[in-house]
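Okay, structure first, notes after.
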């Protein structure tokens with residue numbers, strides 16, 4: 001099946017570059033380009049594209065306003081092409097909140113070389129977007145209210161989360177549903193270095209927990225969540241009864257840095273059955289092998305289900321790898337993490353797991369990865 005792509009950007013050079021890059025793949029046809037949202041609106045009606053690439057900064061109507069209108073009136077998979085600036089990071093995160101599937105960075109200088117460096121990534125994300133379920137968060141949607149403090153000892157528990165496409169919003173919703181004294185959380189989300197600090201700050205504003213971009217040597221404590229900096233691996237090391245963040249600049253793992261596999265494997269080694277792992281929406285298979293190692297170490301493991309995932313690539317790969325105990329919709333994952341954190345040894349936990357969880361895992365394993 002040919003994917004019909006429409007490019008929306010005010011720069012003629014960028015439109016040309018994106019057209020050339022996407023046209024390199026035989027399965028993608030660039031059906032049109034538009035210099036602003038008003039032209040794009042008419043082309044959408046006439047050309048019926050499968051995927052849009054969209055710039056944020058455009059004349060006559062900015063990309064966020066256009067995206068908000070599009071997702072309310074005519075939802076389409078959208079990949080943002082976003083400037084590598086602080087303003088661009090905030091706008092991109094807002095675009096993902098409005099329903100954009102994913103994004104690729106657009107450098108301010110030497111645009112041609114910069115975009116060509118992301119060519120493979122752009123093509124993969126357009127393909128993934130074509131198979132994704134676009135969903136917008138309505139501005140009138142009520143905020144999730146975090147539960148009251150748990151008032152139980154969780155210092156010996158550690159939660160590890162991994163995500164990619166669709167993950168910024170999935171993580172926002174998940175953390176917003178956790179109390180201020182939840183177990184310490186370590187997070188790897190595929191994100192560029194220029195965007196990760198803004199992402200952590202956004203999570204911090206919307207969570208009862210304290211959320212920050214992880215620093216090397218930082219102690220992991222309850223009530224705090226630590227986000228891997230873009231471009232650096234986040235791992236967990238143990239010293240005595242304490243866990244610490246360890247950042248690394250070594251080579252990409254599973255094609256990513258930060259890598260979910262790197263995080264999960266380190267948590268398996270450092271925390272074992274005292275950890276809980278969950279893999280959320282995302283493209284590709286990063287995290288599948290690491291979650292299997294967590295599972296083998298005795299840690300309970302969860303995966304987001306296909307229906308609630310924007311892209312069921314990473315969770316689906318983890319299910320097929322045999323490393324998932326339960327497959328759950330996104331809104332059920334936070335409560336389940338708290339239940340698991342409140343329990344003791346994982347062998348007994350696994351023995352008492354609901355039969356429906358096993359049924360869900362079996363059913364999910366028979367699904368096709370998006």
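Readers should treat all values here as calculations from the given coordinates under stated rules, not as data from a laboratory. Just so it is clear, the structure is predicted and the values come from calculations on it, not from any experiment. Please note: Cβ atoms are built from the backbone with ideal geometry, for glycine as well, and neighbour counts cover all protein chains shown.
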- Of all DSSP beta bridges in the stretch 201-280, what percent run antiparallel (nearest 5)? 70 percent
- Task: Quote the relative contact order of the chain in percent (integer), defining contacts as alpha-carbon pairs under 8 Å separated by 6+ residues.
- Result: 12 percent
- With axes computed from alpha carbons, what is the tilt in degrees of helix 119-130 against the longest principal axis of the chain, rounded to the nearest 10 within 0 to 90? 80 degrees
- per DSSP, antiparallel bridges as share of beta bridges in the stretch 158-365, % nearest 5, sits at 30 percent
- Task: Indicate the gyration tensor shape class of the stretch 158-365 (rounded, prolate or oblate), computed on the Cα atoms with a ≥ b ≥ c the square roots of the eigenvalues: a/c under 1.5 is rounded; otherwise a/b larger than b/c is prolate and the rest oblate.
- Result: rounded
- If R0 is 41 Å, what FRET efficiency do you get for residue 221 and residue 120 from their C-beta distance, rounded to 0.05? 0.60
- Note on the structure: With Cα coordinates, the longest principal axis of the chain makes an angle with the long axis of helix 37-47, in degrees rounded to 10, of 90 degrees
- Peptides 208-219, 175-186: what's the order by average Cβ count within 10 Å, highest mean first? 175-186, 208-219
- What number, in percent, do you get for the relative contact order of the stretch 3-130 if the mean sequence gap of Cα pairs under 8 Å and at least 6 apart is divided by its residue count? 25 percent
- How big is the Cα convex hull of the stretch 3-130 in projection, averaged over all directions, in nm²? 6.6 nm²
- What relative contact order, as a whole-number percentage, does the stretch 209-301 give when Cα pairs under 8 Å and 6 or more residues apart are counted? 23 percent
- What value, in deg cm²/dmol to 500, does the helix sum -39500 (n - 2.57) over DSSP H runs of n ≥ 4 give at 222 nm once divided by the residues of the chain? -11500 deg cm²/dmol
- Note on the structure: Ordered by fewest other Cβ atoms within 10 Å, a rough proxy for footprinting exposure, 58, 283 read 58, 283
- Query: Which of the peptides 326-336, 99-109, 246-256, 308-318 is most tightly packed, and how do the rest follow, judged by the mean count of other Cβ atoms within 10 Å per residue?
  - Reply: 308-318, 99-109, 326-336, 246-256
- Out of the DSSP beta bridges found with both residues in the chain, what percent are antiparallel (nearest 5)? 20 percent
